[in-house]
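Reading through the structure tokens given below for one structure.
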Amino acid sequence: MKRRVVVTGMGALTPVGNDVATTWRALLAGTSGAGPITKFDASKFPVRFACEVKGFDPLAYMDRKDAKRADPYAQYAIAGSVQAMTDAGLLDLNGIDPQRHVLERGDVLVWLKEAARAGQRFDVIVLDPPSFSTSKAMRDTLDIQRDHPQLIMACTRLLARGGVLYFSTNLRSFKLDDAATAGLEGEEISARTVPDDFRNRRIHRCWRFKRS
């Protein structure tokens, strides 16, 4: 089986530039990204220089609230992803309205309740939560075995008529509570969602549910 890589867009946050063009020019010019450490007090260490990202403004890629919550590595990842999507023209080529396709960050259980109260409806929902989470954005812990009935039922309330919910989990000991999918047409599609080159065919389980 041949492995192929398709590069559709590029983004870069590096010690010599905060975008692809600036980074490339610096590389061609032989510019060094090393400099004094500024992210923490390095006075007690024998080495006091490093290659840091410089002059990065997270507010160019996210609002102040999200920037405050996210660690620098997460900010860099988001910025690079936004640059790559823009470079690829994914939003324009696919007619995606950025006002309708947004990133929400917070307690998922709270958001699902608020979305239902607001009368929001979706044709497709992908529910792919972690097996366990203690995120600071949540009021309580998330245990997928314990909480999946609540999550699935909450997502079901947001489905438009004929809408489809895809639910996936990496918890190998997971057991689906049939009561959570009452009134839905469903089937397990795990085998169809694992790439052919994966030796372990049990990396996750996945279901497709449809609201009639």
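Every number here is computed from the coordinates shown, using simple stated rules; none is lab data. This one's a predicted model, so the numbers in the text were calculated from it and none came from an experiment. Here the Cβ is made from the backbone with ideal geometry for all residues, glycine too, and neighbour counts use every protein chain on show.
Taking 7 Å along the Cα-to-C-beta vector as the label spot, tell me the VAL194-VAL126 distance in nanometres, rounded to one decimal.
2.0
Just want to confirm a number: the relative contact order over the stretch 19-159, from Cα pairs under 8 angstrom separated by 6+ residues, in percent.
Numbers: 77 pairs, mean separation 21.6, N = 141.
15 percent.
Between ARG105 and LEU27, what is the spin-label point distance in nm, taking each point 7 Å from the Cα along the Cα→C-beta axis?
In this crude label model, ARG105 to LEU27 measures out at 2.7 nm.
Are there trypsin sites (Lys or Arg not before Pro) in the stretch 1-89 that DSSP puts in a loop and that have at most 15 other Cβ atoms within 10 Å, and which ones?
On the way: sites: LYS2, ARG3, ARG4, ARG25, LYS39, LYS44, ARG48, LYS54, ARG64, LYS65, LYS68, ARG69; in loops: LYS2, ARG3, ARG4, LYS39, LYS44, ARG48, LYS54.
Passing both the DSSP loop test and the Cβ count: LYS2, ARG3, ARG4, LYS39, LYS44, ARG48, LYS54.
Per DSSP H run of at least 4 residues, take -39500 (n - 2.57); add these up for the chain, divide by its residues and hand me the 222 nm value, nearest 500 deg cm²/dmol. Could you put the intermediate results ahead of the total?
On the way: 6 runs with 61 residues, N = 212.
Counting only the DSSP helices, I get -8500 deg cm²/dmol.
Using only Cα atoms, tell me the angle between helix 72-88 and the longest principal axis of the chain; keep it within 0 to 90° and round to the nearest 10.
80
Describe numerically, in nm with one decimal, the distance between label points set 7 Å from Cα along Cα→Cβ at ALA34 and at THR86.
In this crude label model, ALA34 to THR86 measures out at 3.2 nm.
When a footprinting reagent is the concern and you count Cβ atoms within 10 Å, what order do HIS204, HIS101 take, fewest first? All intermediate terms of the calculation are to be shown ahead of the outcome.
Details: HIS204 17, HIS101 9.
Ranked by crowding around the Cβ, least crowded first: HIS101, HIS204.
Taking chymotrypsin sites (Phe, Trp or Tyr not before Pro) that fall in a DSSP loop and have at most 12 other Cβ atoms within 10 Å as cut points, what is the longest piece of the chain between them?
Values: sites that count: PHE40, PHE198.
Looking at the chain, 41-197 is the longest stretch - no exposed chymotrypsin sites (Phe, Trp or Tyr not before Pro) with at most 12 other Cβ atoms within 10 Å.
For the chain, what log10 I(q)/I(0) values come out of the Debye formula at q = 0.12 1/Å, with one point per alpha carbon and no solvent?
-0.91
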